[in-house]
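Shown next, in structure tokens, is the structure this report addresses.
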There are 2 protein chains.
Amino acid sequence: MSGSVRFSGVQVGDSIPELVLPPIERLQLALFAGASGDHNPIHVDEDKARGGGLPGVIAHGMLNMAVLGRLLTNWVPQRALRGFGARFSAMAFPGDVVTCRGQITNKTEAAGEKLVELALTAENQKGDKLLVGTATVALPE
Amino acid sequence: MSGSVRFSGVQVGDSIPELVLPPIERLQLALFAGASGDHNPIHVDEDKARGGGLPGVIAHGMLNMAVLGRLLTNWVPQRALRGFGARFSAMAFPGDVVTCRGQITNKTEAAGEKLVELALTAENQKGDKLLVGTATVALPE
């Protein structure tokens, strides 16, 4: 979070700094369960995940989304965030290395704010897209 | 997560079961920082949050979003989730009691899937909307 990104300083087509996460850890899934209150055992219990037809525990979809959100809050302060959404297209597993990328697709104004729109992706080490998203961020002039 | 919700059993206008969260705790923000890797001190350090012009520590926007996502994963399995997005309109603080609600706004089909679209809100105990969102969920026939 630098707070130094300005509307006049970014152009459509610009990429924002990418974010390569450390490998997903089971401990991280347990922390996320505690933080979010989502205690579905498919995220923390290997036996129950396999019993449910999964190859093993999977990351919470909302954790993947939170990680993609960090791409944004590493770039601008959280208060700049106006909207954020994503399509879920693959699951993430312990050991997966997720890379998040964003590119500016539009510059616009609404309600007196200078806004940029971004296209976002979160993909694993095999290039499978976990999430394909969009965001809207307000920037100082 | 029941897995028992069917496309034929829901109608436009139906509300899904609401989710009233326990009061936000500072411990929860610390757990979320660990899970997401977002270690911005405005979420865990009162002095630094006030130094940044905030009244105190605030919940991560992505935590609010994760909580709103639980409304969905309490209703259908995570694998049913196709898309999820929200606008950020207010901050959440320790002690806030967040209520999440969802209502079905459309039933449609795409790529051979039966889909329902929902309008979502997360609001605090004063009725301030933290998030206004939408989601798309695939359901069995």
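The values are calculated or read from the model by the stated rules, or taken from the named source; none is laboratory data. Nothing here was measured: the structure is a model prediction, and the numbers come from that model. Glycine gets a Cβ as well: all are built from the backbone with ideal geometry, and neighbour counts include every protein chain shown.
Filter region B:95-115 down to the residues that are outside any strand (DSSP E or B) and buried (at least 16 other Cβ atoms within 10 Å of the Cβ), then identify the one that is farthest from the other protein chains (Cβ to nearest Cβ). Outline the logic, then answer.
Of region B:95-115, the ones outside any strand (DSSP E or B) are B:95-98, B:111-112.
Adding the requirement that they be buried (at least 16 other Cβ atoms within 10 Å of the Cβ) leaves B:96, B:98.
Numbers: B:ASP96: 14, B:VAL98: 11 Å.
This residue is B:ASP96.
Which one is nearest to the chain's Cα centre (by Cα), of the residues in region B:116-141 that are farther than 22 Å from A:ARG82 by Cα and within 14 Å of another protein chain (Cβ to nearest Cβ)?
B:VAL137
If you check every pair at least six apart or on different chains, which have Cβ atoms under 8 Å apart with a residue in region A:7-31 that is within 14 Å of another protein chain (Cβ to nearest Cβ) first and a residue that is loosely packed, with under 13 Cβ neighbours inside 10 Å second?
Listed pairs, sorted by first residue: A:PRO23/A:GLY95; A:ILE24/A:GLY95.
Exactly one of (1) among the polar types (S, T, N, Q); (2) under 13 Å from B:THR121 (Cα atoms); (3) touching a His at 6+ places or on another chain (Cβ under 8 Å) is unmet by B:ASN64. Its number?
(3)
When you go through (1) within 12 Å of chain A (Cβ to nearest Cβ); (2) closer than 19 Å to B:THR134 by Cβ; (3) out of contact with any Asp or Glu (no Cβ under 8 Å at 6 or more places or on another chain); (4) of a type in the set (Val, Ile, Thr) one by one for B:THR73, which number turns out not to apply?
Single failed check for B:THR73: (3).
Scan region A:49-61 and give yes if some residue there is touching a Lys or Arg at 6+ places or on another chain (Cβ under 6 Å) and small (Gly, Ala, Ser), otherwise no.
First pass over region A:49-61, keeping only residues touching a Lys or Arg at 6+ places or on another chain (Cβ under 6 Å): none.
Taking every residue of region A:49-61 in turn, none turns out to be touching a Lys or Arg at 6+ places or on another chain (Cβ under 6 Å) and small (Gly, Ala, Ser).
Against the definition (surrounded by fewer than 18 Cβ atoms within 10 Å (Cβ to Cβ) and either in contact with a Ser or Thr (Cβ under 8 Å, 6 or more places away or on another chain) or farther than 16 Å from A:ILE16 by Cβ (or both)), how does A:ALA92 come out, yes or no?
On the way: surrounded by fewer than 18 Cβ atoms within 10 Å (Cβ to Cβ): no; either in contact with a Ser or Thr (Cβ under 8 Å, 6 or more places away or on another chain) or farther than 16 Å from A:ILE16 by Cβ (or both): yes.
Answer is no for this residue.
Restricting attention to region B:76-88, and to residues there that are in contact (Cβ under 8 Å) with a residue 24 or more places away in the chain and closer than 14 Å to A:ASN64 by Cα, which single residue is nearest to the other protein chains (Cβ to nearest Cβ)? Give the steps one after another, and end with the answer.
If we filter region B:76-88 for residues that are in contact (Cβ under 8 Å) with a residue 24 or more places away in the chain, which is where we start, we get B:76-78, B:80-88.
Then drop every residue that is not closer than 14 Å to A:ASN64 by Cα, which leaves B:78, B:81-85.
On the way: B:GLN78: 5, B:LEU81: 5, B:ARG82: 6, B:GLY83: 5, B:PHE84: 6, B:GLY85: 2 Å.
It comes out as B:GLY85.
Within region A:41-82, how many residues are surrounded by fewer than 21 Cβ atoms within 10 Å (Cβ to Cβ) and farther than 28 Å from B:ARG87 by Cβ?
Here the count works out to 14.
Provide a single number: the residues in region B:32-64 that are touching a strand residue (DSSP E or B) at 6+ places or on another chain (Cβ under 8 Å) and more than 12 Å from chain A (Cβ to nearest Cβ).
Count: 0.
Within region B:116-141, work out how many residues are part of a strand (DSSP E or B) and either at pLDDT below 95 or among the aliphatic types (A, V, I, L, M) (or both).
Within region B:116-141, the subset part of a strand (DSSP E or B) is B:116-123, B:129-139.
Subset that is either at pLDDT below 95 or among the aliphatic types (A, V, I, L, M) (or both): B:116, B:118-120, B:122, B:130-132, B:135, B:137-139.
Residues in region B:116-141 being part of a strand (DSSP E or B) and either at pLDDT below 95 or among the aliphatic types (A, V, I, L, M) (or both): 12 in total.
Here are B:MET62, B:MET91: which of them is within 23 Å of B:ASP38 (Cα to Cα), outside any helix (DSSP H, G or I), free of Cβ contacts under 8 Å to residues at least 40 places away in the same chain and aliphatic (A, V, I, L, M)? Lay out the reasoning, then the answer.
On the way: B:MET62 fails: outside any helix (DSSP H, G or I).
Sole residue among the options that is within 23 Å of B:ASP38 (Cα to Cα), outside any helix (DSSP H, G or I), free of Cβ contacts under 8 Å to residues at least 40 places away in the same chain and aliphatic (A, V, I, L, M): B:MET91.
Restricting to region B:5-49, count the residues that are touching an Asp or Glu at 6+ places or on another chain (Cβ under 8 Å) and not in a loop (DSSP other than H, G, I, E, B).
As a first pass, look at region B:5-49 and keep what is touching an Asp or Glu at 6+ places or on another chain (Cβ under 8 Å): B:6-8, B:23-24, B:32.
So of that shortlist, the ones also not in a loop (DSSP other than H, G, I, E, B) come out as B:7-8, B:32.
Count: 3.
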